[in-house]
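A short write-up of the structure that comes next.
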Amino acid sequence: MITDNQVEFYRENGYVIVNDVLSESECSNYMAQIRKHANKDFAAIMNPDRPEFLVAQSFVNLPDSTPLGEKVDFIEMCKVTSQMTWDIAAHPNAVKILEMIQKDRVSYLMSQMLFKEANSAYAPQAWAPHQDNAYPRNENFGHRNGFTTQYITTNFFMEGADASNGTLYVYPGSHKEGLFDAAQRVSYREEKGSNPGNEISQEVLSRFKKVDCVFKKGDMLVLNGNCIHGSYPNESKTKSRPLLSVSYITAGEKFISGTNARRTEKSLR
């Protein structure tokens with residue numbers, strides 16, 4: 001699934017794109033299921049791998065007049081969706097890739113579904129240049145495998161992505177210097193028209209070269225938690241940019257759970 005050259009690329013640059021981690025059918029089947037929980041704005045869904053989070057975030061979609069039986073059926077549907085999400089988070093291909101990169105055992109922490117649906121209220125959303133580790137704050141210079149953090153974020157692309165529909169960009173090598181100071185921003189179901197992500201200053205960004213990423217359906221982006229990255233708005237009228245973001249950490253490491261994310265270490269074995 002991943003070559004020694006790709007592992008070395010990751011260590012040097014802080015990110016790597018691995019093609020075809022998920023099949024087209026796995027992506028299509030998952031999207032058909034998770035879209036059942038989207039609200040009218042296609043806002044992000046935190047931790048869809050946990051049924052209680054799905055119920056809390058999407059139960060509002062049911063009218064007050066919904067019969068009891070249909071509410072029960074909805075909760076059962078949440079259980080199906082959460083299991084499908086977990087099957088991706090714990091996908092054997094993904095776990096093998098991460099453990100080859102980390103040279104250690106990894107654990108699950110959290111997930112988030114980002115639809116970036118074409119023509120939706122959140123389509124113009126563009127994440128500011130940020131570091132994912134600004135939230136769990138696992139700082140670990142030189143421990144175990146030489147990385148400045150043991151926190152990892154992956155993005156499973158459910159459709160292709162380029163600059164026209166809101167792909168991601170990265171700043172290679174920025175993961176080597178630990179956490180930078182950043183301007184705090186709301187980063188979960190933020191106000192429409194605002195951009196999330198604890199923003200890194202232009203002074204810091206000027207030290208690195210920005211690189212745009214291009215993805216196919218089924219590709220996985222692996223990001224070191226300290227690698228600066230962001231995303232473009234989806235300006236396409238026909239192409240959405242759905243992805244499932246899953247965060248992991250080297251097993252046994254310390255991290256901040258978070259009020260909304262409630263990061264929880266869970267074994268993948």
Scope region 164-186; condition touching a residue at least 60 places away in the same chain (Cβ under 8 Å) and over 30 Å from THR238 (Cβ atoms); matching residues: PRO172, GLY173, SER174, HIS175, LYS176
Count - residues of region 71-90 that are in contact with a helix residue (DSSP H, G or I) (Cβ under 8 Å, 6 or more places away or on another chain), in contact (Cβ under 8 Å) with a residue 24 or more places away in the chain, farther than 27 Å from ALA163 by Cα and not polar (S, T, N, Q): 6
Criterion (buried (at least 17 other Cβ atoms within 10 Å of the Cβ), modelled with pLDDT of 85 or more, within 23 Å of ILE17 (Cα to Cα) and aliphatic (A, V, I, L, M)) met by exactly one of ALA182, ALA161: ALA161
Inter-residue pairs, beta-carbon under 8 Å, first over 20 Å from GLN125 (Cα atoms) and in region 197-209, second modelled with pLDDT of 95 or more and surrounded by fewer than 17 Cβ atoms within 10 Å (Cβ to Cβ), 6+ apart: PHE208/GLY173
MET1 vs. criteria in contact (Cβ under 8 Å) with a residue 60 or more places away in the chain and either of a type in the set (D, E, K, R) or under 30 Å from ASN145 (Cα atoms) (or both): yes
Options PHE255, PHE208; residue that is more than 23 Å from PRO136 (Cα to Cα), among the aromatic types (Phe, Trp, Tyr) and surrounded by 15 or more Cβ atoms within 10 Å (Cβ to Cβ): PHE208
Top-ranked residue in region 113-122 [being modelled with pLDDT of 95 or more and closer than 20 Å to PHE156 by Cα; ranked as surrounded by the fewest Cβ atoms within 10 Å (Cβ to Cβ)]: ALA118
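The values are calculated or read from the model by the stated rules, or taken from the named source; none is laboratory data. Everything numeric here is computed off the predicted structure, so don't read it as measured data. Here Cβ is always computed from backbone atoms with ideal geometry, including for glycine, and neighbour counts include all displayed protein chains.
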